[in-house]
Amino acid sequence: MPGRRAVIYRSAGQKDLANVLLIEDDVEIAEEIALELERFGHAVITVDSGTNGLEAARRDFDVLIVDRLLPGLEGLDVIKTIRREGIRTPAIVISALGRLDDRVHGLRAGGDDYLPKPFALIELVARLEAVLRRPAETRETLLRLGPLEIDLLSRRAARSGRRLDLNPRELDLLEYFLRRPGDIVTRSMLLQDVWGYRFEPRSNVVDVHMSKLRRKVDLPDETPLFRSVRGQGYRLDQPR
Amino acid sequence: MTSLAEVLRTTTVRWSAAIALALLLQSAVLCGLIYWWTVRHAEASVNHRLVADCTTFAKLGPRDLDAAIDGMVAADLHRTHPAAVFAPDGHVLAGNIVALPPQLLAHTRPISVGLIRSRPPDLPPDLSRAIACPIAGGGHVVFGVDMDRLTFLRLLIGRALLLVTAPAGAIAIVFGICLSLRAQTRFRVVRRAVEDVMEGKLQRRLPVHSTIDPFDRLSSAVNAMLDRLEEAVNDLRALGDDIAHELRTPLTRLRARLERGYQDASSPEEFRAFGERALQDVDHALSMVSAILRLREIDEGARAANFTRVDIARLVQDAAELYLPSAEMRGISLQVDDSPAAYCLADHDLLMEAVCNLIDNALKFTPPGGAVCCQLRGENGVARAIRVADTGPGIRHSEREAMLRRFHRGAQHKPVAGHGIGLALVAAIVRLHGFSMRIEDAAPGCEVMIFCTAV
């Protein structure tokens, strides 16, 4: 649909724009992905073949999104080639090949993350932001965001001086969000990174944990810090 | 139509020809050995007799010797055994040999030599086997055997053996042809069966006549492979049918919802509400596809390499911890027995997925106020069984096995949302570990046991 324009959801000043190279031969999927990323403030260049993708990937991008099955040159070959050339731009592989072997293969080829199709667009945005932020992971033990703070040594959390009565798992969840202020965090990211599980539960267990945590962090009369993102994930925002 | 040249080039004909040739060679070697052994034995027998005669006669006195030799020569009607007594100066004293061949004096064993007979005198020397032995007084006694007998014997044996070789060769050729035809017939049957399978008749099998014959054993192996293939194809076909059937429901709902939204929504907000519910339908369908793919992945054992020593007590507690808030929210008591560490060899992530599915299922079917209980049974630090019991409606005895198949949902479970894949997933993980599982009546409710011992 030519002429469609992204509605910008992200509030100004929250995050720098990322230059994204999207290598995807399916025009409609490429357009949807590009629109979604633009909604969140990223600039997207799209190419539709492996050979053009390889050429473009040698230029200065913050992150690459690469489909596996491409005309000309396979997506994984594009990543392997640029890695051999010493280009370290983070790359997310997207593919209809979603078995464990395929994922391992994709990561071994030099991909930083692997997202099997079909996926929710918000999942891709969240993974992209996680990949972009990865090198800047902080090792501080006192984390703060607006009125929220966690002392990781004493395992205590508070909001505006009000002590939060969190169990160990809720504390881990809150720490995960505090390390990613403003980032979208999906259920699968939480399950994988906080619990360390790599399967999808058949019910909304993560949502139930999140709902308990939110009730403790955001009291009814307080400005909510947690936000749900289109039913797929959550975001911890600093209040303006 | 296959030409004769092509038939001759086939492996079966070549092998049969090779076997026929080997049989011929075997006959030839056998005949050669018989010939060699018989001739050698005949010569040895002649030599032995010559030596015995010579030494016996040499011991006689001069008069007795001459008389004995003359008597012997007279009795030799066929003139095949020449003999004579020679004086020290070489002239004949008795017998029918005219002259003493000088080479005889150089040997103590019988040799082949030409002997000139006295009767009839005009004949050329006869080739004979002969020996000379010294006698008292300085002379020699000579005994011989006409070689014509031995030559005739050789000829006789040679002809007899040739006569045997011809039918043996014919038998070998006929045997080779039969062998070739039989092999070709069996290969033809196999080829036809394989062609049938290629055409899609997966139920076709190769004929098997015995359990010892290597060809039949190969056919049995191919049949077993075809059994597995047929099972896999049927499974795949059933999976396709199942997916099509199960997807029809959410897709119909999705279509109806979009249609209604398109016709009825009078404001962007209303349309958005329809859209959100449609998205939920799509997510539901997608999660079902993911679950099916996961089931396939586990069934194919793609993760079998991640087996390590896992503390099952800890695993059960962790799984329960994940579901504790969900249980609280539904007003269900989720109890976990505080068991000491108990280990078994397992894929941690997969077994966690299985236990989570069991707890998830138990919570789904337990009414508010009910209880779900997770237990580990172990002995001396070894995990024996995982038990998840609930106080829900239970599963009828007749349905318990079917519940382990994908998309099967018990009669009591129909009103509860789900794909009917949770227990199938657990069963697949249990199979992959080589464990076993059982669904029992918890009176009230249902209990599922996973036995952590390889079957």
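The values are calculated or read from the model by the stated rules, or taken from the named source; none is laboratory data. This structure is a prediction, so every number in the text was calculated from the model and none was measured. Reconstructed Cβ throughout: ideal geometry from the backbone, glycine too, with neighbour counts over all protein chains shown.
So which of B:81, B:91 ends up being assigned by TED's automatic domain parsing to the domain that holds residue B:131, under 24 Å from residue B:152 (Cα atoms) and at pLDDT 85 or above?
Values: B:91 fails: under 24 Å from residue B:152 (Cα atoms).
Result: B:81 is the single residue among B:81, B:91 that is assigned by TED's automatic domain parsing to the domain that holds residue B:131, under 24 Å from residue B:152 (Cα atoms) and at pLDDT 85 or above.
Considering the stretch B:118-139 alone, what residues qualify as being crowded, with 21+ Cβ neighbours inside 10 Å and part of a strand (DSSP E or B)?
B:128, B:129, B:130, B:131, B:132 - these are the residues of the stretch B:118-139 that are crowded, with 21+ Cβ neighbours inside 10 Å and part of a strand (DSSP E or B).
Is it the case that the stretch B:320-328 has a residue that's within 11 Å of chain A (Cβ to nearest Cβ) and surrounded by fewer than 16 Cβ atoms within 10 Å (Cβ to Cβ)?
yes
Scan the stretch A:38-58 and give yes if some residue there is assigned to a loop (DSSP other than H, G, I, E, B), among the basic types (Lys, Arg) and within 14 Å of chain B (Cβ to nearest Cβ), otherwise no.
Pass one, the stretch A:38-58, residues assigned to a loop (DSSP other than H, G, I, E, B): A:40-42, A:48-49, A:58.
Filter again for among the basic types (Lys, Arg), leaving A:58.
Add one more test, that the residue is within 14 Å of chain B (Cβ to nearest Cβ), and what stays is none.
Checked against the condition, which is being assigned to a loop (DSSP other than H, G, I, E, B), among the basic types (Lys, Arg) and within 14 Å of chain B (Cβ to nearest Cβ), the stretch A:38-58 yields no hits at all.
Of all residues in the stretch A:1-45 being under 23 Å from residue A:181 (Cα atoms) and exposed (fewer than 11 other Cβ atoms within 10 Å of the Cβ), which is modelled with the highest pLDDT?
A:16
When you look at residue B:185, is it hydroxyl-bearing (Ser, Thr, Tyr), part of a helix (DSSP H, G or I), free of Cβ contacts under 8 Å to residues at least 12 places away in the same chain and in the same structural domain as residue B:285 (by TED's automatic domain parsing), yes or no?
So residue B:185 does not fit the description; no.
Restricting attention to the stretch A:173-193, which residues are part of a helix (DSSP H, G or I) and under 25 Å from residue B:287 (Cβ atoms)? I'd like the intermediate steps shown before the answer.
If we filter the stretch A:173-193 for residues that are part of a helix (DSSP H, G or I), which is where we start, we get A:173-178, A:187-193.
Once the filter is applied, which keeps residues that are part of a helix (DSSP H, G or I) and under 25 Å from residue B:287 (Cβ atoms), the stretch A:173-193 yields A:173, A:176, A:177, A:187, A:188, A:189, A:190, A:191, A:192, A:193.
Test residue A:203 against the criterion of being within 14 Å of chain B (Cβ to nearest Cβ) and in contact (Cβ under 8 Å) with a residue 60 or more places away in the chain, and give yes or no.
When the stated conditions are applied, residue A:203 does not pass them.
Based on this model, can you work out whether residue B:306 counts as exposed (fewer than 14 other Cβ atoms within 10 Å of the Cβ) and either touching a helix residue (DSSP H, G or I) at 6+ places or on another chain (Cβ under 6 Å) or within 14 Å of chain A (Cβ to nearest Cβ) (or both)?
On the way: exposed (fewer than 14 other Cβ atoms within 10 Å of the Cβ): yes; either touching a helix residue (DSSP H, G or I) at 6+ places or on another chain (Cβ under 6 Å) or within 14 Å of chain A (Cβ to nearest Cβ) (or both): yes.
Criteria met by residue B:306.
So which strands (runs of 3 or more DSSP E) stay within the stretch A:61-172 end to end and still have 3 or more residues that are under 22 Å from residue A:42 (Cβ atoms)? Give the derivation first.
Details: elements: A:63-67, A:91-95, A:113-116, A:142-145, A:148-151, A:156-159, A:162-164.
Result: A:63-67, A:91-95, A:113-116.
Of all residues in the stretch A:73-131, how many are within 14 Å of chain B (Cβ to nearest Cβ) and not hydroxyl-bearing (Ser, Thr, Tyr)?
19
Which one of these does residue B:79 not meet: (1) part of a loop (DSSP other than H, G, I, E, B); (2) more than 30 Å from residue B:37 (Cβ to Cβ)?
For residue B:79, the exception is condition (2).
Is it the case, given these coordinates, that residue A:88 is over 30 Å from residue B:287 (Cβ atoms) and either out of contact with any Asp or Glu (no Cβ under 9 Å at 6 or more places or on another chain) or without any contact (Cβ under 8 Å) to a residue 40 or more places away in the chain (or both)? Before the answer, list the steps.
Details: over 30 Å from residue B:287 (Cβ atoms): yes; either out of contact with any Asp or Glu (no Cβ under 9 Å at 6 or more places or on another chain) or without any contact (Cβ under 8 Å) to a residue 40 or more places away in the chain (or both): yes.
It is true that residue A:88 is over 30 Å from residue B:287 (Cβ atoms) and either out of contact with any Asp or Glu (no Cβ under 9 Å at 6 or more places or on another chain) or without any contact (Cβ under 8 Å) to a residue 40 or more places away in the chain (or both).
Kindly provide the set of residues from the stretch A:62-97 that are in contact with a Ser or Thr (Cβ under 8 Å, 6 or more places away or on another chain), surrounded by fewer than 21 Cβ atoms within 10 Å (Cβ to Cβ) and at negative phi, ordered by number.
Here is the first cut: in the stretch A:62-97, the residues in contact with a Ser or Thr (Cβ under 8 Å, 6 or more places away or on another chain) are A:62-64, A:67-73, A:75, A:82.
Okay, now just the ones that are also surrounded by fewer than 21 Cβ atoms within 10 Å (Cβ to Cβ), so A:62, A:69, A:71-73, A:82.
Passing the criteria: A:62, A:69, A:71, A:73, A:82.
Select, from B:300, B:276, the only residue that is surrounded by fewer than 15 Cβ atoms within 10 Å (Cβ to Cβ), under 27 Å from residue B:346 (Cβ atoms) and within 9 Å of another protein chain (Cβ to nearest Cβ). Steps first, please.
Values: B:276 fails: under 27 Å from residue B:346 (Cβ atoms).
Unique residue meeting the criteria: B:300.
Tell me which residues, restricted to the stretch B:198-217, are among the aliphatic types (A, V, I, L, M) and not in a helix (DSSP H, G or I).
Result: B:202, B:206, B:208, B:212.
Which of the numbered conditions does residue B:259 fail, given that it passes all the others? Conditions: (1) surrounded by 16 or more Cβ atoms within 10 Å (Cβ to Cβ); (2) without any contact (Cβ under 8 Å) to a residue 60 or more places away in the chain; (3) away from chain A (no Cβ under 14 Å).
(1)
Residues B:156, B:104, B:161: which one is in contact with a His (Cβ under 9 Å, 6 or more places away or on another chain) and part of a helix (DSSP H, G or I)? Before the answer, list the steps.
On the way: B:156 fails: in contact with a His (Cβ under 9 Å, 6 or more places away or on another chain); B:161 fails: in contact with a His (Cβ under 9 Å, 6 or more places away or on another chain).
The unique qualifying residue is B:104.
If we keep just the residues of the stretch A:213-238 that are part of a loop (DSSP other than H, G, I, E, B) and within 20 Å of the chain's Cα centre (by Cα), which is modelled with the highest pLDDT?
The residue in question is A:225.
Could you tell me whether the stretch B:24-31 includes any residue that is small (Gly, Ala, Ser), surrounded by 11 or more Cβ atoms within 10 Å (Cβ to Cβ), in contact (Cβ under 8 Å) with a residue 12 or more places away in the chain and within 18 Å of residue B:167 (Cα to Cα)?
Within the stretch B:24-31, the subset small (Gly, Ala, Ser) is B:27-28.
If we keep only those that are surrounded by 11 or more Cβ atoms within 10 Å (Cβ to Cβ) too, we end up with B:27-28.
Filter once more, so that each one left must be in contact (Cβ under 8 Å) with a residue 12 or more places away in the chain: B:27-28.
Going one step further and asking which of them are within 18 Å of residue B:167 (Cα to Cα), we end up with B:27-28.
Checked against the condition, which is being small (Gly, Ala, Ser), surrounded by 11 or more Cβ atoms within 10 Å (Cβ to Cβ), in contact (Cβ under 8 Å) with a residue 12 or more places away in the chain and within 18 Å of residue B:167 (Cα to Cα), the stretch B:24-31 yields at least one hit.
Could you give me the residue pairs with C-beta distances under 7 Å whose first residue belongs to the stretch A:19-48 and is within 16 Å of residue A:93 (Cβ to Cβ) and assigned by TED's automatic domain parsing to the domain that holds residue A:68, whose second residue is in a strand (DSSP E or B) and of a type in the set (Asp, Glu) wherever it lies, and which are 6+ apart or on separate chains?
Pairs found: A:23/A:67; A:24/A:67; A:25/A:67.
Can you tell me how many residues in the stretch A:181-194 are surrounded by fewer than 20 Cβ atoms within 10 Å (Cβ to Cβ) and in contact (Cβ under 8 Å) with a residue 24 or more places away in the chain?
So the count comes out to 3.
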